[in-house]
Amino acid sequence: MPEPLSEPPSAERIVQLEGVRKDYRLGAVVVPALRALDLTISRGEFSAIAGPSGSGKTTLLNLIGCVDVATAGRVTVAGQETGQLSDRALTRLRLFQIGFIFQSFNLVPVLTALQNIEFPLLLQGGIGRAERHERVRALLARVGLGDHAEHRPGELSGGQRQRVAIARALVTRPALVLADEPTANLDSKTGGTIIELMQQLNEQDGTTFLFSTHDQQVIKHAHRVIRLVDGQIAA
Amino acid sequence: MSAPRGRWGRLGALLSAEGSLLWQTLPVVARISLRNLRLHRLRTLLVGSILLLGTLLLLSGSCLFEAVDQAMERTLVNSVAGHIQLYRAGAKESFQLFGNMDGSMPDVGVIENFPALRRALLQLDNVATVVPMGIDIAVSSTENLLERQLAALRAAVRSGDLARQRALAQHLQRVIAVFDRSLSNAEALIDVARYKREYGDPDLALARVRRPDFWSRFEADPYDALEYLENEVGPLGLDQDLIWLRYLGTDTALFRQTFDRFEVVDGTMIPPGQRGFLFNKRVYEEQVKNKTARRLDLIKEKLDEGLTIARCPDCQSWIRLNVNQTGSLLMQLDPLAAEAVGAALRRELGGGKQQSTAQLLRELLAMDDQNFAARHALFYRVVAPRLELYSIKFGDELVLTAFARGSGYTRKVPVKVYGTFRFRSLDRSPLAGGFNLVDLMSFRELYGYLTPERRREQETLRRRAGVKAVTRAQAEALFAAPGEVVEEQGRGAAPAAPAGLDLGPSTGRYDAALQRRVYSQSELDHGVVVNAAVMLKDGSRAAQRRTLEQLRTLNRRLGLGVAAIGWREASGVVGQLVDVIRYALYGAMLVIFLVALIIVNNALLLATLERTREIGTLRAIGAQRSFVLRMIVAETVVMVAVFGGCGAALGSAALLWLGHHGIPATTDFFHFLFSGPRLYPALAWSQVALALASCALVALIATLSPARLALRVTPREAMAEGD
């Protein structure tokens, strides 16, 4: 297993966190989730965030994924400092630069696999129907669901659903794919194939993957493991 | 996040943003909305059926209401109200065509110079006719049984039909005997001392009749006996009916020309310019007709409405009354008639020879659902022709008694009864169908104002008594000339005593020549009237408003001294019934929409809460808030379009069907409300649009809070399972 690298040499930085702090307010009590965190993710990385429950994995992913803003410090994603952006701009940043894979797959139940994957392209706009469908079908083939385009999430197994979710995350050709415990709701065998698929996509396209997990099987596949303990990166 | 411009400002910006993207994402938004609606069928059906029902109710309610309003307007305007009513300005009470709630007529003074008023009003382009009127209440009485029997006997004596005379005399003797017995029984019930004071001592009057030789000598000198009976015995009868009559005094010819809902039912119209009285058909039936026959009519009406006697407690009680009151029926039949009725009934009912006419009548009147039609026909074939079916007949004189407004004296005015009339569509309504019609002259006399005859009569009296007219200014001088009788001549100073007030006594004596006299138009016009109905050429609502305004301006400019009100206001409670219904409808609609709002709002709120993760996911993968808003609104729009559309379509279909077949008026109230036996509602596209718009408005208001909730969902919700 490779050792975690604090600074990838001579690579383009896709994510940069400097002195980032994130506090949550629970009534009158302020709970620190992340404390003075510095982190850089380079293009093409396949990295894991590991740590026990409550260590701040999801908070860190939220900050990088532009779905939350830091209490203090600076978060830069794809060259844009997220703290300075409006909700609208943040949404656009997510739409064009980031792909999401969720623990519970989070597919739209009323849409077919194809429609679910096509959805971000529709939001981006400006892409013709033929091109959209071509891109979606190609991706479906790559994740091994070429025959399931018209199936709805309810008609697919957990592993198949996560493959659809992966395809949806990749369809916009994002700079960064974030996956929050992508194998937590899958059995270990399926989880293994999913992580292998992600790894394969990383290797073939150079897409940057960052996923949180506490599954040792998954951590094994990561090029780099960022270990969080009490909101700080463990030395 | 950008600087907030306020919640609504942001909402507006979101709604207006992303024009091109809107079209591109529209199919997916529609697809998500439709699939969501289909996925949650139960909720969709619940919310949908509320929207459907709301739209259906609003559409049909407003169209039905509009139909009722127009029907009522047509009926009221064309039967008696006209478009505009005029009465004296500054009157003590406000004018009410149909009287106050307690049944009295409001005191609104009088219009003194009607010809000038009419001349002025006819200058307005839109005024077609101005009809003088006066409405008040009089009392009259029908003859009692003794009096009617005496009248019949006198007719028989005069005709020389001895057999009939004997039969009637014999019958009268029996009626008087029954009356005599009932008087001695009555001592337990009535205050005898007071009765004697008012009617004379019945014992004294009857003493002569009780003697056996009274009847044995009757044939020798019937006129003498009749005179005694008519003067002394007849008035003792207690069974006369007092009839309260609400009457409308008017220029009868002009009235008939102007109001097309007016039609003579039986008899003839009062000849133009003459005095006379027309009974309202309903009043005539209810108050003047033989009670047994009237009750049979009422039962028949109920059965015609689809009821059965078994299911109609009123009918059962009428039948019981009829059976119990065969005695009074029998009293009206003289021996010859009673025998004929008995024979006919025995034949028809198949009774034995030993059955008396009374028993047969009881059997005839004990009706049920099986035999009603046959027995009803039998009654009218056999019994009714031998009865005096109406106690007042056409051609009879009727003495109206009323309190004169000016003086407070009772005035008795005799009028000839010409027939009956009805206002089409108002005839079955006790609320507004109660007018009887009388000529303007008789009205003025009853109301206490001078007619040409009364004026002449009083002038003669004054001359004979040496009365001089003086003005107030000359009054001082009068004290210097004692011995002269003077009368102050008013100069119209006090509205309660305008010129032409008739303060003399009235006798109520019937004068056939007076009844035949034809008054000139000028005589009809020159005299006081209480109110006037203005009929317009263009009766549209806008024209009504415009003309009313013009009329008021003219009134101010020329100092006509009248108050002008629209038909609705003039019709008081009756006209305002429509307003009551209108507000009830609005109230019901408001409640329905509020309930719908709450239910729809809750359902949508719940739906949004269930979809928090989905919305969060969409936001995380790059959907703007505007997209989320569109998604929520789209569902509402689809529901409004589908269910509101269905409601509007169903309502339209129902209204078209009803417009063709009509809604039957099942009760007198509906008969009045519908202005006829059926209401034909019209489908108005403006109402369809209004109903759909209201449905959409309610649905969109119900979507506001769910939409706000959806807009507050952050992309973090998608990650909620994490830490």
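Descriptive notes on the structure:
- Modelled spin-label separation between B:L558 and B:T308, with each label point placed 7 Å from Cα along the Cα-to-Cβ direction: 6.5 nm.
- The aspartates and glutamates whose alpha-carbon is closer than 16 Å to the alpha-carbon of A:K57, local same-chain residues fewer than 8 away aside, are A:D23, A:D38, A:D68, A:D180, A:E181, A:D215, A:D230, B:E717, B:E721, B:D723.
- Contact order for the stretch B:145-236, expressed relative to its length and based on alpha carbon pairs under 8 Å spaced 6+ residues apart, stands at 40 percent.
- Those aspartates and glutamates that a straight Cα-Cα span of less than 18 Å connects to B:K412, excepting residues fewer than 8 apart in one chain: B:D136, B:E143, B:D241, B:D396, B:E397, B:D439, B:E445, B:E453, B:E457, B:D502, B:D511
- Cα centroid separation, the stretch B:637-703 to the stretch B:19-97 (Å): 7
- The long axis of helix B:162-186 is offset from the longest Cα principal axis of chain B by roughly 70 degrees.
- Local net charge near B:Y247, Cβ-Cβ under 11 Å (Lys/Arg +1, Asp/Glu -1): -1
- Placed amide H near A:F46: partners under 5 Å, 5+ positions off or other chain: A:F209, A:H223, A:R224
- In degrees, nearest ten, helix A:87-97 long axis to first principal axis of chain A (Cα): 60
- Here the 3J(HN,Hα) profile of the stretch B:325-333, calculated from phi with Karplus coefficients 6.51, -1.76 and 1.60 at θ = phi - 60°, is 10, 4, x, 5, 5, 5, 4, 7, 9 Hz, Gly and Pro shown as x.
- Sparse packing (at most 10 other Cβ atoms within 10 Å of the Cβ) combined with a DSSP loop state is found for the following GluC sites (Glu not before Pro) in the stretch B:129-236: B:E187.
- Distance (nanometres) between label positions extended 7 Å along Cα→Cβ at B:I598 and B:Y228: 8.4
- The stretch B:513-593: GluC sites (Glu not before Pro) in DSSP loop, at most 14 other beta carbons within 10 Å: none
- Computed from the Cβ-Cβ distance with R0 of 56 Å, the FRET efficiency linking A:Q217 to B:S49 stands at 0.60.
- Net +/- balance of residues flanking A:A36 in space, Cβ distance below 15 Å, scoring K and R +1, D and E -1: 0
- The stretch A:195-235: trypsin sites (Lys or Arg not before Pro) in DSSP loop, at most 16 other beta carbons within 10 Å: A:K220
- Using θ = phi - 60° in the Karplus curve 6.51 cos²θ - 1.76 cosθ + 1.60, the 3J(HN,Hα) couplings for the stretch B:338-344 round to 4, 5, 4, 4, x, 5, 5 Hz; x is entered for Gly and Pro.
- All C-alpha to C-alpha distances of chain B, sorted into 10 Å bins beginning at zero, yield P(r) values of 2, 11, 15, 16, 15, 13, 10, 7, 5, 3, 2, 0, 0 percent in whole numbers.
- Long-range amide H partners of B:E93 with built H, under 5 Å: B:D107
- Using a simple spin-label model with pseudo-atoms 7 Å out from Cα toward Cβ, B:S540 and B:D221 lie 8.0 nm apart.
- As a calculated quantity, the FRET efficiency between B:L122 and B:H660 at R0 = 60 Å, using C-beta atoms, amounts to about 0.90.
- Cα-based Rg and Dmax for chain A, where Dmax is the largest Cα-Cα distance (Å): 17.5, 54
- Computed log10 I(q)/I(0) for the stretch B:145-236 at 0.18, 0.20, 0.25 Å⁻¹: -0.79, -0.95, -1.37, from the Debye equation with unit scatterers placed on every C-alpha and solvent omitted.
- The stretch B:290-389: equivalent-ellipsoid semi-axes (sqrt of 5 x gyration tensor eigenvalues, Cα, Å): 23, 14, 11
- Summarising the amide proton neighbourhood of B:A665: residues at separation of 5 or more, or on other chains, whose placed amide H is nearer than 5 Å comprise B:R678, B:L679.
- Two-decimal Rg/Rh across the protein assembly as shown, once Rg and the Kirkwood Rh are taken from alpha-carbon atoms: 1.28
- Over the stretch B:290-389, relative contact order from alpha-carbon pairs under 8 Å, at least 6 apart, %: 32
- Measuring from each cysteine beta-carbon in chain B, the ones with no other cysteine beta-carbon under 4.7 angstrom are B:C63, B:C646, B:C695.
- Computed from phi, the 3J(HN,Hα) profile of the stretch B:603-616 under the Karplus parametrisation 6.51, -1.76, 1.60 (θ = phi - 60°) reads 4, 5, 4, 4, 4, 5, 4, 4, 9, 3, 5, 4, 5, x Hz, with x in place of Gly and Pro.
- Sequence-separation-based contact order of chain B, relative, with Cα cut under 8 Å and 6+ spacing, percent: 28
- Within the protein assembly as shown, helix-based [θ] at 222 nm, where runs of 4 or more DSSP H residues each add -39,500 (n - 2.57), nearest 500: -15500 deg cm²/dmol
- For B:A30 and B:Q173, the difference between the fully extended length at 0.36 nm per residue and the C-alpha to C-alpha distance is 41.9 nm.
The numbers here are math on the coordinates, done by the rules we state, and not lab data. All values derive from a computational prediction rather than experimental measurement. Neighbour counts are summed over all protein chains in view; Cβ atoms, including those assigned to glycine, are modelled from backbone coordinates with ideal geometry.
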